[in-house]
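Working notes, beginning with the structure itself.
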Amino acid sequence: MSGGGASRRSGFARFTCSLMAGLSLLPLAVLGQSTPPLAPSTQLVGASGAPAATQETFTIAAAEDLLVTFTDFQTPGPLSTASVVVTQDAGLAGMTTMTTPATTATLALTAAVGQYTLRVIGTPGAAGVGTFSVCVAPKATPSACIQNASLAGNITEQSAAADPTVSTLATTLTVAAAGAYTFTYADQQFPAALQSPPSLALFQGSQPVSGAVPLPASPAVITLSPGTYNLFVVAQADAAAAAGLYGITITGPAGVASLLDGSFPVGQLGAAAQPNNPSAQSVTLTVSDFAFPAALTSLQFAAAQNGAVLKQAAAAGSLYFTAAAGPVVLLVDASPQPNGDGMFDVNVQTSGGAPQLVFDQVQPVSSAGGFTSQPITLGTSGNFDVTLTDLNFPAQFATLALVGASEGAVLGKIYGGGTFSIAATPGTYQFTVVAIPAAQQQYGLYGIQIVDSPPTVVLTAMPTTVTAGGVTTLSWTTTNASACTASGGTFTGPEQTGSGSLSVSVAATTTYSLACSGPGGSATGTVKVTATQAPAGSGGGGGIGPTMLALLGLLALKRVRCLGLAVSARF
């Protein structure tokens, strides 16, 4: 395990679902044949502690020229800087910046139509906060603000960072039966022991429950009456490790279900994945370092259940264990390169001769924070293009990367921006973005989309030059096309997708086309075949012209003379 906690960023967002059902960080998008897995969109990323940006989404029904006007109200004091950015789909429509002593800034949107997103970011002046308005209006009447497109808000200071080694837990306990309840605490010492035992407090409503839970003495017995209780826990990890793990179990009288039974991460270990295992089963837990954008400097992982660590490992690899019915905690402690980023995958499969995938999650690790993970469930097979674009607002990202994965296998990677294609079958895919704003910047803006790959069409002819009335063979190949239509000469009507060929008679120079469409758009392939005229005087039936007749006559005369000489020699 590496030391300095300042460079460690790891763990999972918390999950609660069936282990057999799979997990996700965001709601799944179920696809139809023509629905893009991830429609073109933009994402604004804030650095750690950055205040939330003000934003508005609006729609312009009919094309018109618009003027966007930003105004600093200078209340309670002037802003130092402010920037307005307008995006459409995954692209930048325009942006403008105001810097003190100016109090206004404008941005023109030419022939605007469709849906837009407007965002405002900036820094306050000495007052620590400032207010503003943004008016979106027709260019001809710039003071006639469009109500659903205009907004007002404030810009505040960047918030101070909290102690990264301290974590809190607040959970509700519902007691159905009166009786003695046993509180059991255990420091699970992963990846290191806590700095000190956690502080626990139990309240019913606003009143603390008498007989506070004593720690580190464990177990402790408290008599509870029926009702709803709130349990609060504050824990601090070891300063060097900056991460820890503890378990709490609350059991009641015989026959009463446990009030709480779980493991809880502390500090920069992050939250745990806690799938609910429906029945006892043997599983294989595999953690892989994707080495993207760079290899991790350290990686530890563990599986815990019922307040105890089942198995743990000090490096990437596989663990085999039997999980009982109930929640299973999966935890990873990972450190990236100094001032760098990394990514790992956690994969759980059933053991045996025919293993079944039961859990799969890609997780980025960043020294600076800032990532999103988008699970996509594909309902149909298809080819898709994954595109990531740095929109350079307000500056280029220090780090911008994306990886696509399925069942622990990397499908494609992008660093800085670009596109890769995947041939997908029905199933769940993970697309993870690591986005770190530039130094001295609180924000960064990127565009992302996962859409059907556009069709491609290649149309060729052999030969490309023929005598008028001659024959050429047209051949074509297509990808991602569902329908194709031919045009040019006798090459007309629907044609098969994929590949095909057809011989056609060329009466005159002709350009042949094959237009194809598919879920990702349309494309057209063309080829030109040149028809040349037959030699002058040539005609049907292969007739012989005057020049050819003269040549044949000379040849015949020479043959006669040769025959005469031969006869003379014989007699």
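Here, each number is a calculation from the coordinates, and none is a lab measurement. Quick caveat, the model's predicted, so the values are computed rather than measured. Positions of Cβ are backbone-derived with ideal geometry, glycine not excepted, and every protein chain shown enters the neighbour counts.
Note: the range 235-317, Cα convex hull, 129 Å³ per residue. Sorted largest first, the spans of the alpha carbon positions of the range 282-389 along the three principal axes are 45, 41, 23 Å.
Listed peptides 354-363, 238-247 appear in the order 238-247, 354-363 once ranked by packing, highest mean of other Cβ atoms within 10 Å at the front.
Cross-link reach is defined here as a Cα-Cα straight distance under 20 Å, omitting same-chain residues fewer than 8 places apart; for Lys413 the aspartates and glutamates meeting it are Asp289, Asp341, Asp345, Asp360, Asp385, Asp390, Asp452. Cross-link reach is defined here as a Cα-Cα straight distance under 13 Å, omitting same-chain residues fewer than 8 places apart; for Lys139 the aspartates and glutamates meeting it are Glu64, Asp65.
Can I get the semi-axes of the range 51-156's equivalent ellipsoid? Compute them from the C-alpha gyration tensor as square roots of 5 times the eigenvalues, in angstrom, largest first. Before the final figure, lay out the partial values.
Working: eigenvalues 116, 37, 24 Å².
Taking √(5λ) for each eigenvalue gives 24, 14, 11 Å, largest first.
With R₀ fixed at 60 Å, the C-beta to C-beta distance from Ala170 to Ser522 puts the FRET efficiency at about 0.65. Take the Cβ atoms of Ser41 and Ser318, set R0 to 30 Å, and the FRET efficiency comes out at 0.25.
Take the Cβ-Cβ distance between Ala280 and Ala127 as r, set R0 to 45 Å, and report the resulting FRET efficiency rounded to the nearest 0.05. Can you show the working numbers first?
Numbers: r = 61 Å, r/R0 = 1.36.
Efficiency at R0 = 45 Å is approximately 0.15.
So if each residue of separation counts as 0.36 nm, and I subtract the Cα-Cα distance between Ala438 and Val410, what length gain in nm does that give? Provide the component values of the computation, followed by the final result.
On the way: separation 28, 0.36 × 28 = 10.08 nm, distance 2.69 nm.
Extra length available between Ala438 and Val410 comes to 7.4 nm.
Divide the volume of the convex hull around the Cα atoms of the range 456-532 by the residue count and you get 59 Å³ per residue. Label sites at Asp65 and Val471, each approximated as a point 7 angstrom past Cα along Cα to Cβ, lie 6.1 nm apart.
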